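**Student:** Handing you a structure now.
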Amino acid sequence: MANDVRQQISMLVKLQDLELEIGRIQQALSQVNRRTAELDAQLEGFVSAVESGKIRIQELTKSIRALESDLQLNQGRIVKSHEKLRAVKTNKEYQSGLKEIEDLGAIGSKIEDEILAAMEQVEAATAALKEHQAQMDMQAVLIRAEKESVLQEAQQDGVRLERMEAEAAAVAGRIAAEVLLLYRRVKAKKANGIAICSVCASVCRGCPREHPASNVQRTSAG
């Protein structure tokens, strides 16, 4: 009889150890999707910075082309104004023609300044793009390696989980039904999942002590 009790307790301890480890594995697996999503988001952040840089350069390049077109049109107007100036017959028309050429020249200078400013922005954006591209290339290797490690570990945990669940089921099958039921009831009330624990000097190591100086001895878990 005593041997049967010791055997049942031994089986309960083994079952509890298995179930605690199963719980830890399940907890780790529950975090896999969150962790891989975080890694994907990190990589996407670098990709987004690179794409934004490319779009910025495209927009600036398009703006420069439009300004160059405006400058060309303005230069054509200046040529025509000079042609008109040669055909004027009065001083008033001549002064008006000069004023028109001067105004067009000012417009042209402003367009040239805008082109130079846009070209400087392109240069700065290109340098930033190269930096973001380098960071993305470097981080992509690290992030993908870490993601692969997380997924590989999850796969290994999945295999371990199946093996341990099968072993736990086998152990539970060797425990008397009424003993297993009691174990399940006690465990359900424990936040830490520990329903059975060792006793030292007639004191249950799984039971909290209400007072450090308490001499009350506990002889059962919970």
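**Student:** Report whether or not residue 14 is touching a helix residue (DSSP H, G or I) at 6+ places or on another chain (Cβ under 7 Å) and among the charged types (D, E, K, R).
**Tutor:** Details: touching a helix residue (DSSP H, G or I) at 6+ places or on another chain (Cβ under 7 Å): yes; among the charged types (D, E, K, R): yes.
When the stated conditions are applied, residue 14 passes them.
Per-residue answers, yes or no, for (1) loosely packed, with under 13 Cβ neighbours inside 10 Å; (2) under 60 Å from the mean Cα position of the chain (by Cα); (3) not β-branched (Val, Ile, Thr):
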| residue | (1), (2), (3) |
| --- | --- |
| 76 | yes, yes, yes |
| 86 | yes, no, yes |
| 92 | yes, no, yes |
| 97 | no, no, yes |
| 111 | no, yes, no |
| 116 | yes, yes, yes |
| 119 | no, yes, yes |
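**Student:** Can you tell me which residue is farthest from residue 180 (Cα to Cα) among those in the stretch 1-42 that are open to solvent by 30 Å² or more (accessible area, probe 1.4 Å) and hydroxyl-bearing (Ser, Thr, Tyr)?
**Tutor:** Checked the stretch 1-42; the qualifying residue farthest from residue 180 (Cα to Cα) is 30.
**Student:** To continue, here is another question. Among the numbered criteria (1) within 20 Å of residue 24 (Cβ to Cβ); (2) in contact (Cβ under 8 Å) with a residue 40 or more places away in the chain; (3) of a type in the set (Lys, Arg), which single criterion is violated by residue 190?
**Tutor:** The number of the failed condition is (2).
**Student:** Could you count how many residues in the stretch 160-180 are outside any helix (DSSP H, G or I) and open to solvent by 70 Å² or more (accessible area, probe 1.4 Å)? Let's see the steps before the verdict.
**Tutor:** Initially, the stretch 160-180 is screened for residues outside any helix (DSSP H, G or I), giving 173-176.
When the remaining residues are screened for being open to solvent by 70 Å² or more (accessible area, probe 1.4 Å), the result is 174.
Count: 1.
**Student:** Based on what the data block shows, is residue 68 in a helix (DSSP H, G or I), free of Cβ contacts under 8 Å to residues at least 40 places away in the same chain and either on the phi > 0 side of the Ramachandran plot or more than 30 Å from the chain's Cα centre (by Cα) (or both)?
**Tutor:** no
**Student:** Considering each residue of the stretch 182-194, count those that are exposed (fewer than 11 other Cβ atoms within 10 Å of the Cβ) and not in a loop (DSSP other than H, G, I, E, B), and give that number.
**Tutor:** The qualifying residues number 1.
**Student:** Here's something else I'd like to know. In this structure, does residue 53 turn out to be open to solvent by 30 Å² or more (accessible area, probe 1.4 Å), more than 24 Å from residue 158 (Cβ to Cβ) and either assigned to a helix (DSSP H, G or I) or at pLDDT 95 or above (or both)?
**Tutor:** no
**Student:** If you scan the stretch 86-118, which residues turn out to be of a type in the set (D, E, K, R) and free of Cβ contacts under 8 Å to residues at least 12 places away in the same chain? First the steps, then the outcome.
**Tutor:** First, the residues of the stretch 86-118 that are of a type in the set (D, E, K, R): 86, 89, 92-93, 99-100, 102-103, 110, 112-114.
86, 89, 92, 93, 99, 102, 103, 110, 113, listed by residue number.
**Student:** Right, residue 125: surrounded by 14 or more Cβ atoms within 10 Å (Cβ to Cβ), more than 30 Å from residue 36 (Cα to Cα) and out of contact with any Pro (no Cβ under 6 Å at 6 or more places or on another chain) or not?
**Tutor:** yes
**Student:** Using the structure shown, decide if residue 147 is of a type in the set (Lys, Arg) and closer than 30 Å to residue 5 by Cβ.
**Tutor:** On the way: of a type in the set (Lys, Arg): yes; closer than 30 Å to residue 5 by Cβ: no.
No: the conditions fail for residue 147.
The values are calculated or read from the model by the stated rules, or taken from the named source; none is laboratory data. None of the values given here were measured: they were computed from a predicted structure. Every residue, glycine among them, receives a Cβ derived from its backbone with ideal geometry; neighbour counts consider all protein chains shown. Keep in mind that these areas ignore ligands, DNA and RNA; they rest on the heavy atoms of the full protein, side chains included. Shrake-Rupley method; radii C 1.70, N 1.55, O 1.52, S 1.80 Å.
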